[in-house]
Amino acid sequence: MSGSKIEIQKLQQSNYEQLIVAMKAAYSNWGGDVWSERAIKKLLSVFPEGQLIVMAEGKVVGCALSILVKYDDFGDEHTYKQITANYSFSTHNTNGNVLYGIEIFIHPDYRGMRLGRRLYDARKELCEKHNLKAIVFGGRIPNYHKYADTLSPKEYIQKVKHAEIFDPVLSFQLSNDFHVKKVLMGYIPEDEESLEYATLLQWDNVYYVLNQREAFSVRRSVRLGLVQWKMRLYDSIEELFQQAEYFVDAISSYKADFAVFPEYFNGPLMAQFEGMSEAEAIRAMSRYTDQITKKFSQLAVSYNVNIIAGSMPMYDGTSLKNVGHLCHRNGDIEIYEKLHVTPDEEKYWGLKGGDKLKVFDTDAGKIGILICYDVEFPELSRLLADEGMQILFVPYLTDTQNAYLRVRLCAQARAIENECFVAITGSVGNLPKVENMDIQYSQSAVFTPSDFAFPSNAIKSEATANTEMILIADVDLKLLDELHSYGSVRNLKDRRKDFYELKKL
């Protein structure tokens, strides 16, 4: 059989006799009836695409039958006869949102060849093709009768899940990414091996879009433009604007969705307050923050690119904070704050930590923004990931290589543990006449999770160290959807919420 040709095909009425032979062999201990020719004919008339067979050596050796249903019409409490309308299949609905599996089997002579997996994969492709929410079916637990005297159905399912007990049906379904929703009683009265119990199983389509018309308009590839900014002295704020607009213009010409600036990119403006103390100079520079924010918002609209305007000092007369602004290309402006200030920021400038943390909805996905030191605290990124963050942006300012590496290595960890993309960018060069901002070190980069669909080193792209430049990188959000459900490891799903928790006060 190793050299036989294996094919997944659509079931034809002419396959009926071979189908029944395979079914009888697969269910040698089954007490119920086999599929009638009339029932198969009805299934082929209402949903021919959903009836699949496996062909090997020119004959039928496996089968998967299904219908479409509006699942809310039935809910989780239903029997096999109810979902099939007593085998009349009048419950099939061409506008249904769930693919309901009503049969799957493999001839025992062909087991161990992963043919069942092929049928499940074909069903998943069908589910995605028709933009269906999920695949659902009731599954037998044929070995349960061996343990019924000592285990409840729930206990039995848990032991199968933890590989303490092998069940030829449930073990296979769990290995194919289906999860148990609940235990059904009286699902198939003829199923003596399962003692009439069944597991209600579900596989979720991560590509499902509620509005079918939107399914073809949602962009999943996002282009990032990171500005590795060189610190230089400016004679006026107009010169800073000229340099900033140059970068926004260039990034926009590459059709990027985001232009990202570093932390304290406006630091050169502090040089004009050279005679003041460091604390006084940064407060004086904060007078420009509103003007710069308005300018960046105008650039975002004019150049059709969302701008993450690094960070700037904001002083309200009593407290000084390090804040940034997300300037949407539709004209909206949102603010984010640095929550953890460094010892130097507190010592030399009297900076206070903010209290704003949120995920931002943009036209290119859900994003989070943490300023420099904040990325070294993993709790913040996890809170954002729990709210659906797909891309984390980290504008930073680091003076030495070891300071930079703290930010970089923590950012890489955040990408892996939160199954998201992380983009970091900072400033380079030297800045005379500005105390506490005299040297800078940067190598902008975009990091990815670490799995087969991503670069082997988990680095999408990185800039040349200590060189003024733009880094352009594309990230595919579809890969994150797949990773969340089918990754080699699943950090978000596998967190032990029964053992510990993280919450925002």
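Look at the range 155-175 and say how many of its residues are assigned to a helix (DSSP H, G or I) and over 30 Å from the mean Cα position of the chain (by Cα). Counting residues in the range 155-175 that are assigned to a helix (DSSP H, G or I) and over 30 Å from the mean Cα position of the chain (by Cα) gives 2.
Taking the range 44-91 as the range and being under 18 Å from Lys124 (Cα atoms) and part of a loop (DSSP other than H, G, I, E, B) as the test, the residues that pass are Phe47, Gln51, Lys70. Going by what's in this entry, would Leu502 be described as within 30 Å of Asp355 (Cβ to Cβ) and assigned to a helix (DSSP H, G or I)? So Leu502 does not fit the description; no. Scanning the range 399-417 for residues that are touching a residue at least 40 places away in the same chain (Cβ under 8 Å) and surrounded by fewer than 24 Cβ atoms within 10 Å (Cβ to Cβ) yields Asp399, Thr400, Gln401, Gln412, Ile416, Glu417.
So which of Ser444, Ser485, Ser456 ends up being out of contact with any Gly (no Cβ under 8 Å at 6 or more places or on another chain) and either of a type in the set (Phe, Trp, Tyr) or over 24 Å from Asp386 (Cα atoms) (or both)? Every option except Ser456 fails the conditions. The residues on offer are Asp386, Asp399, and the sole one that is over 26 Å from Asn266 (Cβ atoms) and among the charged types (D, E, K, R) is Asp386.
Residues in the range 467-505 that are modelled with pLDDT of 95 or more and polar (S, T, N, Q): 1 in all.
Return a yes/no flag: does the range 136-149 have any residue that is without any contact (Cβ under 8 Å) to a residue 40 or more places away in the chain and in a loop (DSSP other than H, G, I, E, B). Within the range 136-149 (the criterion being without any contact (Cβ under 8 Å) to a residue 40 or more places away in the chain and in a loop (DSSP other than H, G, I, E, B)), the answer is yes, since at least one residue qualifies. Every condition in (1) under 21 Å from Leu320 (Cα atoms); (2) touching a residue at least 12 places away in the same chain (Cβ under 8 Å) is met by Met276 except one, and the failing one is (2).
Could you grab me the full set of residues in the range 247-273 that are farther than 21 Å from Val428 by Cα and surrounded by fewer than 16 Cβ atoms within 10 Å (Cβ to Cβ)?
Matches in the range 247-273: Ser253, Tyr254, Lys255.
Quick check on Ser488: is it surrounded by fewer than 16 Cβ atoms within 10 Å (Cβ to Cβ) and of a type outside the set (Lys, Arg)? Yes; evaluated as a whole, the condition is true for this residue.
Within the bounds of the range 345-361, is there any residue that is under 27 Å from Arg495 (Cβ atoms), buried (at least 17 other Cβ atoms within 10 Å of the Cβ) and not aliphatic (A, V, I, L, M)? Yes, there is a match, as at least one residue in the range 345-361 is under 27 Å from Arg495 (Cβ atoms), buried (at least 17 other Cβ atoms within 10 Å of the Cβ) and not aliphatic (A, V, I, L, M).
The values are calculated or read from the model by the stated rules, or taken from the named source; none is laboratory data. Remember, it's a predicted structure, so these values are computed and weren't measured experimentally. Cβ coordinates were reconstructed from backbone atoms using ideal geometry, including for glycine residues, and neighbour counts include every protein chain displayed.
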